[in-house]
Amino acid sequence: MFEGLLKGRLAVVTGSNSGIGLGIARELARAGSDLVLNSFTDRDEDHALARDMAKEFGVEVRYIKADLSKAEEARGLVEKAGRCDILVNNAGIQHVAPIPEFPTEKWDAIIAINLTSAFHTTAIALPMMRKAGWGRIVNIASAHGLTASPFKSAYVAAKHGLVGFTKVTALETATEEITCNAICPGYVLTPLVEAQIPDQMKTHNMGREEVIEKVMLDRQPSKKFATVEEMGGTAVFLCSDAAAQITGTTISVDGGWTAL
Ligand code: NAD
């Protein structure tokens, strides 16, 4: 349905060797966009992923290693891309602990990767978009950017911050052909969510399936995980001309979580 829609564009997708970032990158490529994939690793399989995607979708795909917890690497990622028509700030990490026990280094890392990196990439991308006369920024926030859960203090703070940053970016670009919006996913079964399941099993003294059903999907009225393809489809829509007047807003892709 979106085939060819983004032909000739170059998208930089942070944290795109796994999960939602990879799903979004694949849907952008399916819509014809060239890509820069990114993560903090520099393995053969990261470069192979880029080569395989280029072949599968007939677009140009590069992989650029950058640790987004570091300002100079976050800025360097977009500088090395050389152009940036579409910026998807997706990279994120999570840690779950009560506030008094929350390790300071985890707090700092979550704020740096989930929030501050978006400031750095946007600061470099905006002049490029202005020069090109067109741009789309899609920030991957969360249902936790609009609501909260106990024990996720840094994550909730970072995602609320990202929603606020999205609005400011939209206001600073409102008269230009540049939009900035946030997608707020509910639960998607990615490595980030898989990693939370063993702790939840211990906390709630439940088996894996019970945690999924009674703890995770209990918050999601659809009672099923959202998919990375659904996140990708939403991102492609936000990058399309049909969405030219949509800016500064959040789109929840959460099976009804935030409607409750
Ligand atoms: P994931 O763990 O599969 O992917 C996270 C990506 O970020 C990976 O590519 C990882 O390599 C990258 N990353 C982590 N640290 C990095 C760093 N220092 N520098 C560069 N890249 C780094 O998780 P996911 O679920 O796909 O999460 C993607 C985004 O979606 C995150 O921002 C997350 O908060 C958000 N999100 C996920 C869910 C969910 O249910 N999975 C729900 C709401 C929001």
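Annotations for the structure displayed:
- With the charge dipole of the chain set up from +1 on Lys and Arg Cβ and -1 on Asp and Glu Cβ about the Cα centre, the Cα lying farthest toward the positive end among the listed residues Ala109, Ser16, Ile137 is that of Ile137.
- Student exercise, segment 75-191 dipole from Lys, Arg, Asp, Glu Cβ charges, in Debye to nearest 20: 160
- Using alpha-carbon coordinates, inclination of helix 117-132 to the longest axis of the chain, degrees: 20
- Residue-wise HN-Hα couplings along segment 77-82, as the Karplus relation 6.51 cos²θ - 1.76 cosθ + 1.60 with θ = phi - 60° gives them from phi, are 4, 6, 4, 5, 4, x Hz; Gly and Pro carry x.
- Residue-by-residue Karplus 3J(HN,Hα) for segment 35-48, coefficients 6.51, -1.76, 1.60, Hz, glycine and proline x: 9, 10, 8, 8, 7, 8, 8, 9, 9, 4, 5, 5, 6, 5
- The amide H of Val88, built 1.01 Å from its N in the peptide plane, has Val12, Val13, Thr14, Val138 as neighbours under 5 Å, considering only residues 5 or more places off or on other chains.
- Net charge of neighbours whose Cβ lies under 10 Å from the Cβ of Leu10, counting Lys and Arg as +1 and Asp and Glu as -1: 0
- Backbone N within segment 14-34 under 18 Å of label point (7 Å from Asp42 Cα along the Cβ vector): 15-17
- Cα centroid separation, segment 54-102 to segment 111-132: 10 Å.
- Above-threshold pairs, the threshold being 30 Å between Cα atoms, out of Lys7/Lys167; Lys152/Lys223; Lys65/Lys202; Lys7/Lys80; Lys55/Lys80; Lys202/Lys224: Lys65/Lys202
- Magnitude of the charge dipole for the chain, about its Cα centre and with charges confined to Cβ atoms of Lys, Arg (+1) and Asp, Glu (-1), is about 300 debye.
All of the numbers you see were taken from the coordinates with simple rules; none came from a lab. Small disclaimer: the values here were computed from a predicted structure and weren't measured. Neighbour counts run over all protein chains shown; Cβ positions are idealised from the backbone, glycine included.
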